[in-house]
Amino acid sequence: MSDFSALSLGEERLPALELAFSLVREAWEGFDSARPGQPPPSAETLDMLAESLPQTGVGALTALREAERLLDESLAQSRPRFFGYVGSSGLEVGVLAEALSASHDVNLASLAAAATMVEQQTIGWVGEFVGFGRVGGVVTSGGMVSNLTALAVARERALPGSRRTGLDGRGTLYVSAEAHSSIDRSAELLGIGSESVRAIPIDAHRRMDVTALDAQIGADLAEGRVPIAVVATAGTTLTGAVDPLAQIAAICQQRGVWFHVDGAYGLPAAATESAGALFAGIDLADSATIDAHKWLYVPKACGILLVRDPDALRRTFAHDASYMVDAAENPVDRTLEYSRPFRSLKLWTAFRAHGAEGFRSALEANLTVARGLADRVRAHPDLELVVDPQLSIVPFRHVPARGSIDGHNAELARRMQEEGDVYVTSAVIDGMTVLRPCITNFRTTDADIEALIETVLRTGRALEGEK
Ligand SMILES: Cc1ncc(COP(=O)(O)O)c(C=O)c1O
């Protein structure tokens, strides 16, 4: 029998490491500036993707080169002119820490010595960074799971024992009309039901109307319903609006309702000088979601759920597993997931490497670039700013000389995506189809914004000419 497993790299190890090093370096150098167009999957790739399971291997070097080609032909959010959705941008030191973490393959379900402490320290740092307070929490796969986890905790607090007995249909949740759909999904999964999620109207600044919130809670209580949680959004996905956290906190305190803040996208901006005031009251929330894989730049996945009373997590998730009896309590007793990778290491390493100051300055730069985009849009006669940006999402549209403005902008987004010089998605705001660039990439500069405007105008005019 050989001394090595069939899965060991053996003599290929060093060449594989050297190849991986050069592939990562080429990728990063390629992200330093924009590239024209986006190559579609090549014929070679399509052939390879039609192949069935290989019975013998081609070796690590060939497989790595193939993987690199697949990535080059994929949409990479790391590119400076990727403005779609709310993306992360593959912060370099985070990428390296992620590779290290994967190598050690620590499991955070059980006690993992230093890694368990790093997770808690990172959560504390994030709480401190955004002004929530240095408390506890869990690291998750992202905003969806963080919101689901927080609402499971709130449900158990509002209806003690319901994790075992199930619900009786009385529970209600409160969100703004523009909250992320992960709240509806959570309500469905938790047995609360999305019909019991009250979509509170928004004001002229697209923020939850607190008078309507208070009235709705009052009406529900009068009918014998049990308010489980109010979920404020700190940076809506559609426009970046931040709900009035302090006023919502006051209502929650008075009514005795759990106050959760979904800051998956926007909460990092609480640490900035220019936007921090929008988040006043974050220190009053019971829990808050923040995705480090959005606007803290580290690669996916890294979601943080901050919880002021971490014991509430244990009351919701603790279970006895007969194969996990060596410790009085395991980290899995405070989370939804079992096997959990060491996701926090990349954020911990990034905070160590760049300091809070480095993050604040990158966030401030994104905000400045976003405001610059809004100014340029306002100043151009063929462009219309649809919402004044509160954070780094800048919804606007190109105004054609004639024809349907909505159809034109939907087609414009599709055409720009096909051509690939810039990547922008469309969205519907108050029935209007708009372009919705999000600036959350530490590589994006004013020059990229100029290119975005130039591409919108050029492509918009070309579309008009085709009519
Ligand atoms: C406000 C908000 N909450 C939750 C989510 C879901 O986050 P994730 O995609 O990490 O699950 C998003 C995603 O964009 C979001 O913007």
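Table for the structure above
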item	result
Matching residues, region 123-150, being in contact with a Phe, Trp or Tyr (Cβ under 9 Å, 6 or more places away or on another chain) and either away from the ligand (no atom under 15 Å from the Cβ) or not assigned by TED's automatic domain parsing to the domain that holds A280 (or both)	W125, F129, G131, R134
Any hit, region 32-39, residues being within 27 Å of P299 (Cα to Cα), part of a helix (DSSP H, G or I) and polar (S, T, N, Q)	no
Test set (1) closer than 18 Å to Q390 by Cα; (2) within 14 Å of the ligand (Cβ to nearest atom) - G276 fails condition number	(2)
Subset of region 285-336 (residues that are more than 22 Å from F132 (Cα to Cα) and either in contact with a strand residue (DSSP E or B) (Cβ under 7 Å, 6 or more places away or on another chain) or among the acidic types (D, E) (or both))	D320, D326, E329, D333
Among (1) over 28 Å from G276 (Cβ atoms); (2) free of Cβ contacts under 8 Å to residues at least 40 places away in the same chain; (3) touching a strand residue (DSSP E or B) at 6+ places or on another chain (Cβ under 9 Å), the one test that Q120 misses	(1)
Selection status of R371, among the basic types (K, R) and either assigned to a strand (DSSP E or B) or over 24 Å from the mean Cα position of the chain (by Cα) (or both)	no
Tally, over region 44-81, of residues that are in a helix (DSSP H, G or I) and surrounded by 15 or more Cβ atoms within 10 Å (Cβ to Cβ)	7
Total residues in region 212-254, condition within 14 Å of the ligand (Cβ to nearest atom) and of a type in the set (G, A, S)	5
Tally of residues being without any contact (Cβ under 8 Å) to a residue 40 or more places away in the chain and more than 16 Å from the ligand (Cβ to nearest atom) across region 151-201	15
Single residue of region 377-395 satisfying the filter (free of Cβ contacts under 8 Å to residues at least 24 places away in the same chain and assigned to a strand (DSSP E or B)) that is surrounded by the fewest Cβ atoms within 10 Å (Cβ to Cβ)	E384
Qualifying residue in region 191-208 (condition: modelled with pLDDT of 95 or more, in the same structural domain as L345 (by TED's automatic domain parsing) and under 24 Å from R314 (Cβ atoms))	yes
Residue match in region 85-96 (condition: on the phi > 0 side of the Ramachandran plot, in contact (Cβ under 8 Å) with a residue 12 or more places away in the chain, of a type in the set (S, T, Y) and in a loop (DSSP other than H, G, I, E, B))	yes
Hits in region 8-41 (condition: surrounded by 13 or more Cβ atoms within 10 Å (Cβ to Cβ), within 32 Å of the chain's Cα centre (by Cα) and not hydrophobic (A, V, I, L, M, F, W, C))	G30, S33, R35, Q38, P41
Qualifying positions in region 156-179 - of a type in the set (S, T, N, Q) and under 17 Å from D214 (Cβ atoms)	T172, S176
Cβ pairs under 8 Å, 6+ apart, first in region 293-308 and near the ligand (Cβ under 9 Å from one of its atoms), second modelled with pLDDT under 95	H293/S88; K294/V86; K294/G87; K294/S88; K300/S88
Verdict on V325 being modelled with pLDDT under 95, more than 24 Å from G84 (Cα to Cα) and among the β-branched types (V, I, T)	yes
Condition check for S5: hydroxyl-bearing (S, T, Y) and either under 23 Å from the mean Cα position of the chain (by Cα) or on the phi > 0 side of the Ramachandran plot (or both)	no
Some residue of region 106-122 being in contact with a Pro (Cβ under 7 Å, 6 or more places away or on another chain), away from the ligand (no atom under 14 Å from the Cβ) and part of a helix (DSSP H, G or I)	yes
Residues being touching a residue at least 12 places away in the same chain (Cβ under 8 Å) and surrounded by fewer than 21 Cβ atoms within 10 Å (Cβ to Cβ) - total across region 352-361	4
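The values are calculated or read from the model by the stated rules, or taken from the named source; none is laboratory data. Being a predicted model, the structure only gives us computed values, none of them experimental. We place every Cβ from the backbone using ideal geometry, glycine too, and count neighbours over all the protein chains shown.
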